[in-house]
Amino acid sequence: MLGLKLPTDPRWINVAKQNLEEILTDHAYCEQKAASTAISLIIRFPRNSELVSAMTDLAQEEMSHFKMVHDLILERGYTLGIERKDEYVLQLLTFFPKGGSREAQLTHRLLCAALIEARSCERFRILSEELEDRKLRSFYRKLMISEANHYTLFLKLARKYGPSKETVDQKWQSLLDFEAIVIRKLGDKESIHG
């Protein structure tokens with residue numbers, strides 16, 4: 001369903017299980033960054049009414065997810081750690097050239113956001129199936145469904161605002177191919193995408 005060309009390295013779940021505090025901290029920041037991305041899309045493309053409405057709802061939802069993750073961190077006696085750079089996202093953002101028309105910029109940002117949500121969805125599925133903590137398993141199952149909805153929302157918006165469905169779909173397939181190369185080098189870090 002997600003279209004990912006390469007699944008997560010099976011060893012990643014072992015890293016996640018051994019570093020749960022780090023995973024939760026990284027996850028909290030992923031939610032905060034997702035809300036920031038939604039807000040930045042509103043600021044950058046305010047005339048796209050459907051986009052603005054969708055991103056308003058998304059920003060609120062992502063911040064509610066941040067709060068839920070932060071609550072879990074506190075409940076376990078942890079504190080929110082320091083934000084780290086997300087190497088996965090940084091590498092993904094290098095795929096499309098900088099500049100270009102506003103339409104191209106929007107399409108590229110939406111496609112990158114869709115892919116980040118798709119990979120997060122896959123990682124949350126793994127956590128929901130592999131963690132021993134029943135509460136966390138249930139929590140990640142619910143968030144997995146949310147991430148799947150976000151992935152399809154971003155892809156739908158890219159197709160709406162892009163030059164044509166065919167062009168957007170070609171860019172999407174190329175981005176998926178690139179992401180498989182990126183993800184092959186990751187899987188050993190205590191982070192959601194690492």
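Taken together, the values in this text are just the output of simple stated rules run on the coordinates, not laboratory data. The structure presented is a predicted model; accordingly, all values stated were derived computationally and were not measured. Here Cβ is always computed from backbone atoms with ideal geometry, including for glycine, and neighbour counts include all displayed protein chains.
Output the relative contact order of the chain, whole-number percent, from Cα pairs under 8 angstrom with separation of 6+ residues.
That works out to 33 percent.
So what is the 222 nm mean residue ellipticity for the chain from helices alone, if each DSSP H run of at least 4 adds -39500 (n - 2.57) and you divide by all residues, rounding to the nearest 500 deg cm²/dmol?
Calculated mean residue ellipticity at 222 nm is -25000 deg cm²/dmol.
Tell me the volume per residue, in Å³, of the convex hull enclosing the alpha carbons of the stretch 84-194.
Here the figure is 103 Å³ per residue.
With just the Cα atoms of the chain, tell me how far they stretch along each of the three principal axes, in Å, largest first.
47, 32, 28
Check each of the GluC sites (Glu not before Pro) in the stretch 1-100 and keep only those in coil by DSSP with at most 15 other C-beta atoms within 10 angstrom; list them in order.
Hits after loop and neighbour filter: Glu83.
What is the gain in length, in nm to one decimal, between Ile82 and Gln173 on full extension, counting 0.36 nm per residue of separation less the C-alpha to C-alpha distance?
29.3 nm
By per-residue mean of other Cβ atoms within 10 Å, what is the highest-first order of 106-115, 149-158?
Highest-to-lowest ranking by the protection proxy: 106-115, 149-158.
How big is the dipole moment of the stretch 1-81 about its Cα centre under a simple scheme where the beta carbon of each Lys and Arg is +1, that of each Asp and Glu is -1, and everything else is neutral? Debye, nearest 20, please.
Approximately 260 debye in magnitude.
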